[in-house]
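Peer 1: Pasting a structure below so you can have a look.
The values are calculated or read from the model by the stated rules, or taken from the named source; none is laboratory data. Only a predicted model underlies this, so the values are computations on that prediction, with no experimental measurement involved. Cβ atoms come from the backbone with ideal geometry, glycine included; neighbour counts cover every protein chain shown. These area figures cover heavy atoms from the full protein model, side chains too; ligands, DNA and RNA do not enter into them. Shrake-Rupley method; radii C 1.70, N 1.55, O 1.52, S 1.80 Å.
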Amino acid sequence: MTADPTSPLAAWTDRLAALAPALHVAERPFRSQLTVRASDPDAIAAMGSALGAQFPLVPCTFTEGSGPFGDVEVLWLGPDEFLVTAAPDLQIAIEEVLRGALGSSRGSVVDTSAQRTTLVLEGPHVRDVLAHGCAVDLHPSSAPTGTCVQTLLARTGIILQVHDDDVTLLVRSSFAEYLAAWLSDACVEYGVAS
């Protein structure tokens with residue numbers, strides 16, 4: 001018998017909830033995440049069609065789509081590197097579809113779902129709080145909706161996505177508690193007790 005998986009931030013649920021109203025933090029653990037390496041434009045287009053979400057062509061952006069796997073996002077991580085994210089427990093099916101679409105083209109599809117957890121941050125001070133520990137300019141004119149960057153937040157490697165109403169952080173599971181503690185401390189000046 002195998003035990004149910006435990007979210008990396010299960011012990012932090014109450015402490016993260018206490019950051020409101022300055023910051024609303026929701027963990028979305030166990031999301032399907034697949035790292036894709038490919039440079040052939042035809043293969044990239046075929047994978048996008050198979051997913052129902054085209055792969056981004058512009059650096060530091062992400063695309064969204066809905067297809068056979070529901071809502072899917074494709075994040076640009078480098079000139080030939082992408083991260084596909086979707087709901088939990090879809091990684092095996094998505095991997096098979098992407099490998100089929102990749103065909104004989106040079107590239108790879110690797111399930112990296114267990115590597116990171118996802119944090120969704122909302123609230124009036126999201127960008128201000130993140131600015132305390134992130135070198136990326138998060139002003140809306142520099143980081144508009146659709147922005148996706150790999151950067152450091154409080155010395156922790158993250159992937160940061162800017163959506164219409166929130167900022168999503170993908171952080172290695174082993175650093176999630178450290179990042180949660182840092183977020184708690186960074187919210188103090190906005191009236192939150194750490």
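Peer 1: Within the stretch 36-49, track down each residue that is in contact with a strand residue (DSSP E or B) (Cβ under 8 Å, 6 or more places away or on another chain) and open to solvent by 20 Å² or more (accessible area, probe 1.4 Å).
Peer 2: Answer for the stretch 36-49, where residues must be in contact with a strand residue (DSSP E or B) (Cβ under 8 Å, 6 or more places away or on another chain) and open to solvent by 20 Å² or more (accessible area, probe 1.4 Å): Arg37, Ser39, Asp40, Ile44.
Peer 1: On to the next question. Return yes or no: is Glu95 charged (D, E, K, R) and surrounded by 17 or more Cβ atoms within 10 Å (Cβ to Cβ)?
Peer 2: When the stated conditions are applied, Glu95 passes them.
Peer 1: Cβ-Cβ under 9 Å, sequence separation 6+ or interchain: first residue in the stretch 62-91 and without any contact (Cβ under 8 Å) to a residue 40 or more places away in the chain, partner of a type in the set (Ser, Thr, Tyr) and loosely packed, with under 15 Cβ neighbours inside 10 Å. Which pairs?
Peer 2: Gly67/Ser49; Val72/Ser66
Peer 1: So, one more: With the requirement that a residue be of a type in the set (D, E, K, R) and either surrounded by fewer than 13 Cβ atoms within 10 Å (Cβ to Cβ) or in contact (Cβ under 8 Å) with a residue 40 or more places away in the chain (or both), what does the stretch 98-122 give you?
Peer 2: Selection gives Arg106, Asp111, Arg116, Glu122.
Peer 1: Still on this structure: If you go through the stretch 124-135, how many residues are open to solvent by less than 30 Å² (accessible area, probe 1.4 Å) and in a loop (DSSP other than H, G, I, E, B)? Please lay out each step first, then the result.
Peer 2: Taking the stretch 124-135 and keeping what is open to solvent by less than 30 Å² (accessible area, probe 1.4 Å), we get 126, 129-130, 133-134.
Next, from what is left, pick out any that are in a loop (DSSP other than H, G, I, E, B): 133.
So the answer is 1.
Peer 1: Residues of the stretch 14-28 being in contact with a strand residue (DSSP E or B) (Cβ under 8 Å, 6 or more places away or on another chain) and either of a type outside the set (A, V, I, L, M, F, W, C) or loosely packed, with under 11 Cβ neighbours inside 10 Å (or both), which ones?
Peer 2: His24, Glu27, Arg28
Peer 1: Right, another one. Restricting attention to the stretch 136-156, which residues are in contact with a Cys (Cβ under 8 Å, 6 or more places away or on another chain) and either of a type in the set (Ser, Thr, Tyr) or surrounded by fewer than 16 Cβ atoms within 10 Å (Cβ to Cβ) (or both)?
Peer 2: Hits for the stretch 136-156 are Thr147, Thr151, Leu152.
Peer 1: Only residues that are closer than 15 Å to Pro124 by Cβ, surrounded by fewer than 19 Cβ atoms within 10 Å (Cβ to Cβ) and more than 18 Å from the chain's Cα centre (by Cα): list them for the stretch 157-194, please.
Peer 2: Selection gives Glu189, Tyr190, Gly191.
Peer 1: Checking the structure you have, find out if any residue of the stretch 95-107 is among the polar types (S, T, N, Q) and part of a strand (DSSP E or B).
Peer 2: No, the stretch 95-107 contains no residue that is among the polar types (S, T, N, Q) and part of a strand (DSSP E or B).
Peer 1: Working carefully through the options Leu170, Leu160, find the one that is under 20 Å from Ala114 (Cβ atoms), assigned to a strand (DSSP E or B) and among the aliphatic types (A, V, I, L, M). Lay out the reasoning, then the answer.
Peer 2: Details: Leu160 fails: under 20 Å from Ala114 (Cβ atoms).
Answer to the selection: Leu170.
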